[in-house]
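The values are calculated or read from the model by the stated rules, or taken from the named source; none is laboratory data. Computed from a predicted model, the values in this text were never measured in an experiment. All Cβ positions, even for glycine, are placed from backbone atoms using ideal geometry, and neighbour counts span all protein chains on display.
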């Protein structure tokens, strides 16, 4: 009896402990599943989201008059049984007279306000004579073009309706993370309203445009989806479906949507002005490579290196060629693409603080931004001192150089304001040749100082060596275009 009592006493706490452990493990499993579900953000179904946003997504059909068959056509004998056919569909007399036909294109779009503003791609409605909007309900309305922006491939349309239209809001594309769920809605291959889902595959993609900022997604996007919205799980538009990469023209899971934070800025300007009005800094720039960073004493290879400063906002503010722009309006500049996007999104006439790296230190300058659209054809002009008339040839770093005289300037087709040392020969075994320097290039600066004579270049090389530099920064001009190149000191 005593033995049994002892066993019973020992067993009771063990069972209680097992129950507690089971409870703890169960809670841990539930918490792990909850955390995993939150990390994935995977909905059980996209049906509710599709029902919510579909009324604001539209199919777009455009009609365009196309000139066709401007050359001679077949000659059909009078009285031929095919005469009527060719009269209707061809050019029976072969007189070469141009004929017109109607072409149609399909695309997608979405309503952004109850009074009928619609966003789509510029390439969907470009050169269209008529634009018809079909709503999810089957209702159709004619649209007019309010404004377009070929640089971002965005167009703003307007329809007139007697009743308020369903619309969708824009979301914050910068808040999207790689792996987030997204849903595309549109009119693929003319099949009508269609939904596809996927994830954000990548962000900040660039294709060919200056202001590109694409979200890459594996949600199925095909021809006809152009101009349609890409939604986050809150039913907000975070991208406009624009392009795909495909060897066969169909979706292979690599689609691109212009980020909503770019689109909202463009749409706002099109609504207000009917055109874009982008900020203009007035500099020519290039990326900062590690060799360039080392040559000028910059700790990190980041920012935008100024290669030229024509007349404009930057020259008035004191920005100089050779400056590295490291901050714009309080935001760090990663590279030239980032700077172009930030400046383009800034309002015309705004005064912004620009931090530049110059001569081993930073300076903050205030720049009043101009307007890019009215300044894109501005001709750079940099007044410099005249070169000495007596040429003195010199070979250094694999380059043979001599002062740029009037005769050589005429031969190279350079403007009268370009001065420096012309490269007459490049050793093909040198680093200079490897980095693209060629005969005919003009070196205007070395170590961020002007060079007019061979002695100037040698002085800059000596200064860099004395300062412990491993390389020197050269400013070149080829056909008038400036470019910085860093060469290793021998």
Please determine whether any residue of region 239-250 is touching a strand residue (DSSP E or B) at 6+ places or on another chain (Cβ under 7 Å), surrounded by fewer than 19 Cβ atoms within 10 Å (Cβ to Cβ) and outside the structural domain of residue 347 (by TED's automatic domain parsing). no
Condition first: buried (at least 18 other Cβ atoms within 10 Å of the Cβ) and either closer than 23 Å to residue 279 by Cβ or touching a helix residue (DSSP H, G or I) at 6+ places or on another chain (Cβ under 7 Å) (or both). Now tell me which residues in region 206-222 satisfy that. 211, 212, 213, 214, 215, 222
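Here is a yes/no grid of residues against (1) assigned to a strand (DSSP E or B); (2) closer than 30 Å to residue 473 by Cα:
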{"position": "262", "(1), (2)": "no, no"}
{"position": "270", "(1), (2)": "no, no"}
{"position": "291", "(1), (2)": "no, yes"}
{"position": "306", "(1), (2)": "yes, yes"}
{"position": "321", "(1), (2)": "no, yes"}
{"position": "325", "(1), (2)": "yes, yes"}
Just name the residue that is surrounded by the most Cβ atoms within 10 Å (Cβ to Cβ) out of those in region 328-342 that are out of contact with any helix residue (DSSP H, G or I) (no Cβ under 9 Å at 6 or more places or on another chain) and either at pLDDT 95 or above or assigned to a helix (DSSP H, G or I) (or both). 339
Any chance you could count how many residues in region 465-476 are assigned to a helix (DSSP H, G or I) and in contact (Cβ under 8 Å) with a residue 60 or more places away in the chain? 0
Of residues in region 373-412 being modelled with pLDDT of 50 or more, in contact with a strand residue (DSSP E or B) (Cβ under 9 Å, 6 or more places away or on another chain) and in a loop (DSSP other than H, G, I, E, B), the one surrounded by the most Cβ atoms within 10 Å (Cβ to Cβ): 404
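Of all residues in region 290-308, which are within 23 Å of the chain's Cα centre (by Cα) and either assigned by TED's automatic domain parsing to the domain that holds residue 418 or buried (at least 19 other Cβ atoms within 10 Å of the Cβ) (or both)? Working first, answer last.
Looking only at region 290-308, we keep the residues that are within 23 Å of the chain's Cα centre (by Cα), and these are 301-308.
Answer for region 290-308, where residues must be within 23 Å of the chain's Cα centre (by Cα) and either assigned by TED's automatic domain parsing to the domain that holds residue 418 or buried (at least 19 other Cβ atoms within 10 Å of the Cβ) (or both): 303, 304, 305, 306, 307, 308.
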Could you identify the single residue in 243, 202 that is under 23 Å from residue 124 (Cα atoms) and part of a strand (DSSP E or B)? 243
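Being modelled with pLDDT under 85 and in contact with a strand residue (DSSP E or B) (Cβ under 7 Å, 6 or more places away or on another chain) is the filter; apply it to region 471-482 and report the residue that is nearest to residue 320 (Cα to Cα). Walk me through it before giving the result.
So the first thing to find is which residues in region 471-482 are modelled with pLDDT under 85, and the list is 477-482.
The next check asks that each one be in contact with a strand residue (DSSP E or B) (Cβ under 7 Å, 6 or more places away or on another chain); those that pass are 477, 482.
On the way: 477: 16, 482: 13 Å.
Checked region 471-482; the qualifying residue nearest to residue 320 (Cα to Cα) is 482.
Filter region 156-191 for residues that are outside any strand (DSSP E or B), in contact with a helix residue (DSSP H, G or I) (Cβ under 8 Å, 6 or more places away or on another chain) and closer than 17 Å to residue 215 by Cα; which is modelled with the lowest pLDDT? If you could, list the steps in order and put the result at the bottom.
Of region 156-191, the ones outside any strand (DSSP E or B) are 160-169, 171-180, 187-191.
Filter once more, so that each one left must be in contact with a helix residue (DSSP H, G or I) (Cβ under 8 Å, 6 or more places away or on another chain): 165-168, 171-174.
Checking which are closer than 17 Å to residue 215 by Cα leaves us with 171-174.
Numbers: 171: 96, 172: 96, 173: 96, 174: 93.
Residue satisfying both the conditions and the ranking: 174.
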Output the residue which, of all residues in region 451-464 that are in contact (Cβ under 8 Å) with a residue 12 or more places away in the chain and loosely packed, with under 15 Cβ neighbours inside 10 Å, is farthest from residue 396 (Cα to Cα). 463
Within region 132-155, the residues that are within 27 Å of the chain's Cα centre (by Cα), part of a loop (DSSP other than H, G, I, E, B) and in contact (Cβ under 8 Å) with a residue 40 or more places away in the chain are 151, 152, 153
Which one of the conditions (1) in contact (Cβ under 8 Å) with a residue 12 or more places away in the chain; (2) more than 19 Å from the chain's Cα centre (by Cα) does residue 163 fail to meet, given that it meets all the rest? (1)
Just one listed residue, out of 260, 226, is in contact with a helix residue (DSSP H, G or I) (Cβ under 6 Å, 6 or more places away or on another chain) and either at pLDDT 95 or above or surrounded by fewer than 18 Cβ atoms within 10 Å (Cβ to Cβ) (or both), and it is 260
Mind listing whichever residues of region 145-165 are more than 21 Å from residue 277 (Cα to Cα) and surrounded by fewer than 16 Cβ atoms within 10 Å (Cβ to Cβ)? 160, 161, 162, 163, 164
With the condition kept exactly as written, say whether any residue in region 417-437 is outside the structural domain of residue 293 (by TED's automatic domain parsing), free of Cβ contacts under 8 Å to residues at least 24 places away in the same chain and crowded, with 16+ Cβ neighbours inside 10 Å. yes
